[in-house]
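Input: a single structure, listed below in structure tokens.
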2 protein chains.
Amino acid sequence: MPTKTYHIGVEATMEIIGGKWKSIILCHLRHHTMRTGELSRAIPQISQKMLTQQLRELEAANIVSRHVFHQVPPKVEYALTDYGESLSGILHELCVWGEDNIDRRQADGEAITLLSRDDI
Amino acid sequence: MPTKTYHIGVEATMEIIGGKWKSIILCHLRHHTMRTGELSRAIPQISQKMLTQQLRELEAANIVSRHVFHQVPPKVEYALTDYGESLSGILHELCVWGEDNIDRRQADGEAITLLSRDDI
DNA sequence: GTTGATGGTTACTTTTTGGTAAGTAGGGCA
DNA sequence: TGCCCTACTTACCAAAAAGTAACCATCAAC
């Protein structure tokens, strides 16, 4: 098997939290365990397909855990793993920096809105 | 003009530092001003086209400054702006977390290498 | 026995992103 | 005269990521 080569640490991080959805999902899970439906309500723009796909990839990277309750109708809960929690500080800063960025651009006259500034 | 809407701060951050190259470029610029050629030697996998394209986008977001020396052959230097410096802490953490992630995966038996651990 | 709730998969299409290769500029220099 | 250097641009193509829409399973309630 060919050896995977990184040139700088951030490459590996971005492979895990990069993409359009993963960091958003993680920012929500940072606060509490969530069910599939809760996540898709919290991220209304995401499709079912993308949501489960990204959750599977985060699970494979050991960032997120998946807990299936064998019930009908089904119930599945997602949470950060202990290792995933090690990203919590970074995720928080990414949220806060983004909020500040949006503020600046608004002050600059850009037509831009941030719907929820729920990051504590 | 339609108002751009974000649902959570991290969306805005990722729009700026996301993608395959931007965070890598920024991690290099974090240490010092660099010329175009230095950057492409530091990031050997990137193509000319991607390098200048990403630098232009970072410049447009006021994260990176571009200083042209009117010489022949041309000389252009890139640096973080003051605002770009506000990302420095995050970039550092992204590098460190990635280095740790690679260590774990190596310890886990994955065939994986990190070429330079130059993040201080 | 039809409907609804939840979580999920699949095939297919579109959009976005990235890669390659070639070309530009203009003075230096042999 | 013609080639080098550096930073960049452009046209074109390939690959990856994301969107759409339809479908599945299960059991409970009506």
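The values are calculated or read from the model by the stated rules, or taken from the named source; none is laboratory data. A quick note: this is a predicted structure, and the numbers were derived from the prediction, not measured. Glycine also receives a Cβ, built like all others from the backbone with ideal geometry; neighbour counts cover every protein chain displayed.
Here are the numbers for this structure:
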read-out	value
Flag if A:GLU15 is within 12 Å of chain B (Cβ to nearest Cβ), within 30 Å of B:ALA42 (Cα to Cα) and touching a helix residue (DSSP H, G or I) at 6+ places or on another chain (Cβ under 7 Å)	no
Matching residues, segment A:52-79, being of a type in the set (Gly, Ala, Ser) and within 16 Å of DNA strand D (Cβ to nearest atom)	A:ALA60, A:ALA61
Any hit, segment B:86-98, residues being part of a loop (DSSP other than H, G, I, E, B), under 14 Å from the mean Cα position of the chain (by Cα) and buried (at least 18 other Cβ atoms within 10 Å of the Cβ)	yes
Residue within segment B:59-80 that is farther than 19 Å from A:ILE102 by Cβ, in a loop (DSSP other than H, G, I, E, B), in contact with a helix residue (DSSP H, G or I) (Cβ under 7 Å, 6 or more places away or on another chain) and at pLDDT 95 or above present	no
Residue match in segment A:33-54 (condition: within 11 Å of chain B (Cβ to nearest Cβ), within 15 Å of DNA strand C (Cβ to nearest atom), at negative phi and touching a strand residue (DSSP E or B) at 6+ places or on another chain (Cβ under 9 Å))	yes
Filter pass, A:GLU85 being in contact with a Lys or Arg (Cβ under 6 Å, 6 or more places away or on another chain), more than 14 Å from DNA strand D (Cβ to nearest atom) and not basic (Lys, Arg)	no
Residues of segment B:66-85 classified as surrounded by 13 or more Cβ atoms within 10 Å (Cβ to Cβ) and within 22 Å of B:GLY37 (Cβ to Cβ), total	9
